[in-house]
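Worksheet: one structure, shown below.
The values are calculated or read from the model by the stated rules, or taken from the named source; none is laboratory data. The model shown is predicted, which means the values in this text are computed figures rather than measured ones. For neighbour counting, all protein chains shown are included, and Cβ atoms are generated from backbone atoms with ideal geometry for every residue, glycine included. Heads up: the accessible areas ignore ligands, DNA and RNA and are worked out on the full protein's heavy atoms, side chains in. Shrake-Rupley method; radii C 1.70, N 1.55, O 1.52, S 1.80 Å.
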Amino acid sequence: MCRICGGVVNEFLDLGRQPLSDAFVEPDETADEFYYHLRVGVCESCSMVQQLAEVPRERMFHDSYPYVSSGSVRMREHFTRTAHDLLERESTGSDPFIVEIGSNDGTMLAAVRAAGVRHLGVEPCGGVADVARAAGVRVRSAFFEEAVGAEIAAQDGPANVVFAANTICHIPYLDSIFRGIDALLAPDGVFVFEDPYLGDVIEKNSFDQIYDEHFYVFSARSVQAMARRFGFELVDVRRLPVHGGEVRYTLARAGARTPSAAVAALVASEDARGLAELSTLHAFAAEVDRISRDLVLQLEKLRDSGLRVAGYGATAKSATVTNYAGIGPDLVPCVFDTTPAKQGRLMPGSHIPVRPAEEFAEYGADRLLLFAWNHAEEIIAKEKDFARGGGRWLLYVPEVRLL
Ligand code: SAH
Ligand code: TYD
Ligand code: ZN
């Protein structure tokens with residue numbers, strides 16, 4: 001049953017037995033790993049793409065949650081720009097108030113704070129919340145939901161903007177989120193969120209955008225229907241180049257603002273290409289299978305030719321690829337990553353060891369499987385010596401190919 005509207009959900013993709021994508025394990029703790037069956041479907045009524053089973057939120061988001069927003073220079077720049085966009089366009093009045101759901105290490109809100117604007121982050125994971133606090137960002141340690149929205153409104157007054165990046169798609173219980181936003185948002189306030197876009201996922205075959213934390217894959221059509229259901233309206237959309245292709249959705253209370261032409265245009269383009277139709281999604285599932293097989297064949301070829309292979313970027317996304325395709329340390333002996341909380345541990349399910357990015361040069365790889373393909377430009381530029389020395393990057397989005 002659809003988590004948004006109660007409609008019938010038709011399964012189109014079975015990604016098999018999957019671990020928690022951000023649960024990097026100590027080498028002696030692999031026996032305790034949590035697994036679940038990752039299946040994806042689309043709602044017949046509202047066209048929302050969603051998982052068929054829910055992982056309890058506390059299993060995914062806890063005090064040792066390892067993901068930090070600040071891990072990419074390009075993302076830091078993106079969030080600074082985002083803060084300025086929000087401040088310029090949306091925060092009217094003399095004392096604006098901006099709330100961020102899923103504020104993580106405070107990368108976006110630090111720029112709001114620097115502008116001297118009232119703000120509050122809502123973040124359940126203690127470790128990253130403390131990093132934000134150390135930077136002077138105000139954070140409430142909580143899962144945002146109906147009661148939290150009402151409490152913030154009572155304490156701090158209404159918010160002009162509620163913002164969330166890469167977080168709303170993580171939350172199955174969006175009915176409660178919308179009620180919380182309804183309680184929190186000023187009458188003319190906006191709810192702005194950005195998440196991976198179904199249009200890009202289908203176009204780029206980026207099936208690794210689907211993992212435990214990414215419960216929904218949004219489209220303009222499904223977000224428009226969801227907004228209506230909860231008393232809001234989709235009033236603007238903007239495609240973003242980050243994380244392999246996202247859309248920033250702006251929602252206002254129903255009737256409060258006139259939707260921009262971009263909304264109708266994006267919805268029409270989705271309808272024209274049959275984006276949420278089962279035939280399209282089944283074709284996508286076939287591509288997922290083909291690419292996974294291709295990737296394994298390519299890795300086997302590299303191994304058999306005696307080349308030194310490693311992975312680059314211990315992303316959450318890579319859990320889906322490695323576990324679905326069956327890629328382990330025999331094919332990818334280790335993966336390099338800059339995140340201290342991931343280093344020295346094993347990638348979930350696949351048990352590929354994560355090594356500090358500083359050890360990358362001495363490892364002397366011939367071929368690097370770029371798991372963090374969404375940061376390709378930044379990473380390939382940073383590691384230009386690798387290619388200069390004859391090394392080649394192996395990508396699997398949108399196709400398996402060597403650069
Ligand atoms: N906004 C950041 C972080 C994205 S990771 C960025 O784009 O880089 C997703 C974040 O959402 C995590 O920090 C997680 O702890 C948080 N989160 C998950 N469920 C939440 C909820 N119900 N309320 C607030 N934050 C939540
Ligand atoms: P990311 O693709 O942002 O997200 P997700 O985990 O949700 O799939 O993760 C990027 C990972 O790659 C993160 O663990 C940090 C790492 N990384 C590097 O090791 N070096 C780099 O230069 C960059 C940009 C990221
Ligand atoms: Zn539905």
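As a length-normalised measure over Cα pairs under 8 Å and 6 or more apart, the relative contact order of the chain settles at 16 percent. Shape summary: region 177-248 maps onto an equivalent ellipsoid whose semi-axes, from the alpha-carbon gyration tensor, are 25, 13, 11 Å in decreasing order.
Normalised by 2.2 N^0.38 Å, where N counts its residues, the alpha-carbon radius of gyration of region 328-399 equals 1.08.
Sequence-distant contacts, meaning Cα pairs under 8 Å at least 6 residues apart, place the relative contact order of region 39-117 at 25 percent. Counting only protein heavy atoms and a probe of 1.4 Å, the accessible surface of the chain is 50% carbon and sulfur. Note on surface exposure: 69, 269 rank 269, 69 by accessible area, highest first, 1.4 Å probe.
Here the simple spin-label model places points 7 Å from the Cα toward Cβ, and for residue 358 and residue 88 these points are separated by 3.9 nm. Among beta bridges identified by DSSP and lying wholly in region 309-381, the antiparallel ones come to about 10 percent. Determine, at each q value in 0.28, 0.30 (inverse angstroms), the log₁₀ of I(q)/I(0) that the Debye formula gives when each Cα of region 288-341 is one equal point scatterer. Results for region 288-341 at q = 0.28, 0.30 Å⁻¹ read -1.21, -1.28.
Over the chain, the reciprocal of the mean inverse Cα-Cα separation, the Kirkwood hydrodynamic radius, stands at 21.8 Å.
For region 110-206, what does the relative contact order come out to in percent, with C-alpha contacts under 8 Å and a separation of six or more? Computed over region 110-206, the figure is 25 percent.
For the Cα trace of region 117-267, dividing Rg by the Kirkwood Rh returns an Rg/Rh value of 0.97.
Solvent exposure of region 50-144 amounts to 43 Å² per residue of accessible area, where only protein heavy atoms count and the probe is 1.4 Å. Taking each DSSP H run with n ≥ 4 as -39500 (n - 2.57) and averaging over every residue of the chain yields -10500 deg cm²/dmol at 222 nm. Dipole magnitude for region 308-403: about 120 debye, using +1 per Lys or Arg Cβ and -1 per Asp or Glu Cβ, origin at the Cα centre. Set against the 2.2 N^0.38 Å expectation for a compact globular protein, region 243-358 has a Cα radius of gyration ratio of 1.51. Dipole check for the chain: with +1 at the C-beta of Lys and Arg, -1 at the C-beta of Asp and Glu, and the Cα centre as origin, the magnitude is about 740 Debye. Taking the charge dipole of the chain about its Cα centre, with +1 at Lys and Arg Cβ atoms and -1 at Asp and Glu Cβ atoms, the residue from 115, 153, 227 reaching farthest to the positive side is 115. With angles folded into 0 to 90 degrees, how steeply does helix 220-229 sit against the dominant principal axis of the chain? Use alpha carbons for both and round to 10. With both axes taken from Cα atoms, the answer is about 40 degrees. In the assembled protein chains, residue 273 presents an accessible area of approximately 90 Å² (probe radius 1.4 Å). Once you have a ≥ b ≥ c as the square roots of the Cα gyration tensor eigenvalues for region 89-200, tell me rounded if a/c is under 1.5, and otherwise prolate or oblate according to whether a/b is larger than b/c. Cα axes put region 89-200 in the rounded bin. Would you mind classifying region 18-131 by shape? Square roots of the alpha carbon gyration tensor eigenvalues, ordered a ≥ b ≥ c; an a/c under 1.5 is rounded, otherwise it is prolate if a/b is larger than b/c and oblate if not. Note, shape of region 18-131 comes out oblate. Listed by chain and number, the lysines whose alpha-carbon sits under 23 Å from that of residue 382, ignoring those within fewer than 8 places in the same chain, are 317, 342.
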